[in-house]
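The values are calculated or read from the model by the stated rules, or taken from the named source; none is laboratory data. Only a predicted model underlies this, so the values are computations on that prediction, with no experimental measurement involved. Positions of Cβ are generated from backbone atoms using ideal geometry, with glycine treated the same way; all protein chains shown enter the neighbour counts. Protein only, heavy atoms only, side chains kept; ligands, DNA and RNA dropped before computing areas. Shrake-Rupley method; radii C 1.70, N 1.55, O 1.52, S 1.80 Å.
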There are 2 protein chains.
Amino acid sequence: MTDDRPVYLRLRDRIAAMILEGRVRDGDPLPSVRSLAADFGANPLTVAKAYQTFQEEGLVTVKRGVGMFVAPGAADRLRTAERKDFLENRWPRIVSHMRMLGLDTEDLVERALA
Amino acid sequence: MTDDRPVYLRLRDRIAAMILEGRVRDGDPLPSVRSLAADFGANPLTVAKAYQTFQEEGLVTVKRGVGMFVAPGAADRLRTAERKDFLENRWPRIVSHMRMLGLDTEDLVERALA
DNA sequence: TGCGGTGTATTAGGAGACCATCACGCTTAT
DNA sequence: ATAAGCGTGATGGTCTCCTAATACACCGCA
């Protein structure tokens, strides 16, 4: 209801949040696909699909038979990429939508600090 | 690429924008499903599906064999509903996402709506 | 009355996401 | 050496959603 996006994308967001919020740092081990699958009530392959998107960007390194680890500088690179995507793609649309709805600046900022 | 959402939802946004921006007013005829389909390169039934979401909310009235028309007070009701949805559901997530990225919400909002 | 416009019910196709299963190769700890 | 845990590959199936093609029912006007 609240989020109808695919499971593997929500998992991707969860993993990204762990890195961006510093809950896991460079070189730290990430949760195994099996444990994350158990936590999330999902299939291990679905979790693997989420991790795969980070591997392709070199943000996590894989040691076969051991696990997945945060790549060096992953947090910075991820933050840079996410900022760029947000500011260049998402934010302009959000702004035009807000203008179309005639939303007030004070109202938005006020709610943002709640 | 830039928007992977279903066609009927993008059409819904386009129709909503026509109403919210006052390009069509109460009682005005809306583009026929066939003409909109031709413009958008979509199927007439896909357009009909977009219109259907507005019918269910009573924002457009249907005259079979004639066309679709903007219902009385549609713009106001639509604006109210869209504002509520944005402020209650979308905006909080956007704000938390900006915080995670270390972006200044207040600064961005003021620049955007200046 | 006939024609061209309208919306729409039916039906079917296709794509994507997700899960289940089995198996394999790898590494680490016991 | 053995066992346990790890990521990964190959299949296959199911489910949901989106989209499409066809055909039909309706209305207004010449």
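Once you keep just the Cα pairs under 8 angstrom separated by 6 or more residues, what percentage relative contact order results for chain B?
Details: 91 pairs, mean separation 26.9, N = 114.
That works out to 24 percent.
Exposed loop trypsin sites (Lys or Arg not before Pro) only (DSSP loop, at most 13 other Cβ atoms within 10 Å): please give the longest stretch of chain A free of them, not including the sites. Walk me through the numbers before you get to the answer.
On the way: sites that count: A:23, A:25, A:64.
Excluding the exposed sites themselves, the longest stretch runs over A:65-114.
Helix B:74-85 sits at what angle to the longest principal axis of chain B, using alpha carbons and giving 0 to 90 degrees rounded to 10?
It works out to around 30 degrees.
Measuring nothing but label to label, 7 Å from Cα along Cα→Cβ, what are residue A:105's distances to the other copies in nm, shortest first?
1.7
Ignoring ligands, DNA and RNA, please state the percent of accessible area on the protein assembly as shown from carbon and sulfur, probe 1.4 Å.
Working: 6810 of 13910 Å².
The nonpolar share, carbon plus sulfur, comes to 49 percent.
What is the Cα centroid distance between region B:35-72 and region A:18-44, reported in whole angstrom?
Cα centroid of region B:35-72 versus Cα centroid of region A:18-44: 45 Å apart.
Rounded to whole Hz and in sequence order, give me ³J(HN,Hα) for region B:100-114 from the Karplus expression 6.51 cos²θ - 1.76 cosθ + 1.60, θ = phi - 60°, writing x for Gly and Pro.
4, 7, x, 9, 8, 4, 4, 5, 5, 4, 5, 5, 5, 9, 5
I need the inter-copy label distances for residue B:67: point set 7 Å along Cα to C-beta, values in nm with one decimal, smallest first.
Result, one decimal in nm: 6.4.
As an exercise, find the ratio Rg/Rh for the protein assembly as shown from alpha-carbon atoms, using the Kirkwood inverse-distance average for Rh. Can you show the working numbers first?
Values: Rg = 21.8 Å, Rh = 20.6 Å.
We get a ratio of 1.06 for the protein assembly as shown.
Tell me, what HN-Hα J-couplings in whole Hz come from the Karplus equation 6.51 cos²θ - 1.76 cosθ + 1.60 at θ = phi - 60° for each residue of region B:30-42, using x for Gly and Pro?
Working through the residues one at a time gives 9, x, 5, 4, 6, 5, 5, 5, 5, 4, 8, x, 10 Hz.
In the Gaussian network model of chain A, springs joining C-alpha atoms below 10 Å, which of A:41, A:67, A:27 carries the largest mean-square fluctuation?
Taking springs between Cα atoms under 10 Å, the residue moving most is A:41.
Given only helices, namely DSSP H runs of n ≥ 4 each adding -39500 (n - 2.57), what is the per-residue ellipticity at 222 nm of chain A, to the nearest 500 deg cm²/dmol? Walk me through the intermediate numbers first.
Numbers: 6 runs with 66 residues, N = 114.
About -17500 deg cm²/dmol.
Please compute the alpha carbon radius of gyration of region B:7-73, then divide it by the globular-protein estimate 2.2 N^0.38 Å. Two decimals is fine. It would help to have the intermediate numbers written out before the result.
On the way: Rg = 10.8 Å, N = 67, 2.2 N^0.38 = 10.9 Å.
Rounded to two decimals, the normalised Rg is 0.99.
Shortest first, in nm, what separates the label point of residue A:39 from those of the same position in the other copies (7 Å along Cα→Cβ)?
4.7
To test your reading of the geometry: what angle, between 0 and 90 degrees and rounded to tens, separates the Cα axis of helix A:44-56 from the longest principal axis of chain A?
80 degrees
Along each principal axis of its Cα atoms, how long is chain B end to end? Whole angstroms, biggest number first, please.
For chain B, the Cα extents along the three principal axes come out at 54, 33, 24 Å.
Among A:72, A:44, A:92, whose mean-square fluctuation peaks in a Gaussian network model of chain A (Cα, cutoff 10 Å)?
Highest fluctuation of the listed residues: A:92.
Considering the rotational relationship between chains B and A, which residue of chain B contributes the beta-carbon of minimal distance to the axis, and what is that distance to the nearest Å?
Looking at chain B's Cβ atoms against the axis toward A, the nearest is B:109, 1.
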